Amino acid sequence: MLREPVTSIVDANSGGMSGNTGRYEKRLSDLSGLYENAAAHAQLTQKLGDPVVYAVEDFRPGDHAGDLIYGITRMSPGRIGDEFFLTRGHIHAKADRPEIYYGQKGKGLMQLESPEGETRIVEIGPQSICYVPPYWIHRSINVGDEDLVMLFAYPSDSGQDYGIIEASNGMRHRVKTDGNGGWILVENRDYRPRSSDTVAALMKRYA
Ligand SMILES: O=P(O)(O)OC[C@H]1O[C@](O)(CO)[C@@H](O)[C@@H]1O
Ligand SMILES: [Fe+2]
């Protein structure tokens with residue numbers, strides 16, 4: 001079927017775009033279990049009245065192979081204890097599907113983890129493009145003090161698997177403040193590495 005071209009105008013300040021077919025929001029309470037300091041998470045959620053911490057506006061042409069979903073993510077700045085506000089994070093359900101992010105505003109990181117548990121960090125700011133290769137688990141983190149706004153694009157049939165992070169009790173590392181305006185990586189004490197069978201099952205080519 002021949003599709004019509006679409007233009008979306010990005011508003012880097014509000015973190016939205018025109019022409020979107022959908023929008024969703026995540027509140028602080030949706031992220032329970034992700035932070036090391038669960039008490040600090042519960043306290044801040046109550047104190048702030050369970051605010052929206054990130055919102056996504058996207059354009060979805062469908063879910064057929066060969067097409068693209070694109071959109072804008074806006075993430076609020078903040079911290080739970082010494083960890084920065086972050087997205088839930090996922091691997092693509094078809095794990096060999098990649099993704100591109102393009103920074104629009106603010107200061108962020110993409111935390112990537114390979115199925116075998118290696119960590120990579122890519123800094124994201126205005127005008128920087130982050131390529132998330134096939135098979136990497138990915139999560140965005142706002143390490144600045146203003147909104148982080150990023151454009152993303154990924155194959156329409158990728159899907160998201162959120163269970164992979166849950167099954168390993170989080171990602172291998174936590175990103176924490178260094179107390180001096182920067183960030184450091186700290187081992188996640190609760191991390192459970194994936195078995196070689198699980199890794200092998202992920203590392204296939206998907207139809
Ligand atoms: O899907 P999560 O892990 O909650 O994170 C949201 C971000 O990832 C995406 O799902 C894109 O892969 C976007 O919606 C957004 O950039
Ligand atoms: Fe993704």
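What follows draws every value from the coordinates through simple rules; no lab data is involved. Worth saying up front: this structure is predicted, and the values here are computed from it rather than measured. FYI the Cβ positions are ideal-geometry reconstructions off the backbone, even for glycines, and counts take in every protein chain you see.
Would you mind classifying the range 98-207 by shape? Square roots of the alpha carbon gyration tensor eigenvalues, ordered a ≥ b ≥ c; an a/c under 1.5 is rounded, otherwise it is prolate if a/b is larger than b/c and oblate if not.
Taking the square roots of the gyration eigenvalues as a ≥ b ≥ c, the range 98-207 is oblate.
What does the convex hull of the Cα atoms come to per residue for the chain, in Å³?
It comes to 114 Å³ per residue, whole-number rounded.
Using the Cα centre as the reference, give the magnitude of the dipole from point charges on the C-beta atoms of the range 1-159 (Lys, Arg: +1; Asp, Glu: -1; all else neutral), rounded to the nearest 20 debye.
Once rounded to the nearest 20, the dipole reads 220 debye.
Under 8 Å for C-alpha pairs, at least 6 residues apart: give me the relative contact order for the range 10-110, rounded to a whole percent.
28 percent
For the chain, what is the mean residue ellipticity at 222 nm derived from helices alone (per DSSP H run of n ≥ 4: -39500 (n - 2.57); sum divided by total residues; nearest 500 deg cm²/dmol)?
-3000 deg cm²/dmol
At what distance in angstrom do the alpha carbon centres of the range 129-145 and the range 46-111 lie from each other?
8 Å
Using Cα positions and a limit of under 28 Å, work out the lysines in reach of residue 26, with same-chain residues fewer than 8 apart set aside.
47, 94, 105, 107, 176
Kindly give Rg over Rh for the range 16-72, based on alpha-carbon atoms, with the Kirkwood expression for the hydrodynamic radius.
Ratio of gyration radius to Kirkwood radius: 1.17.
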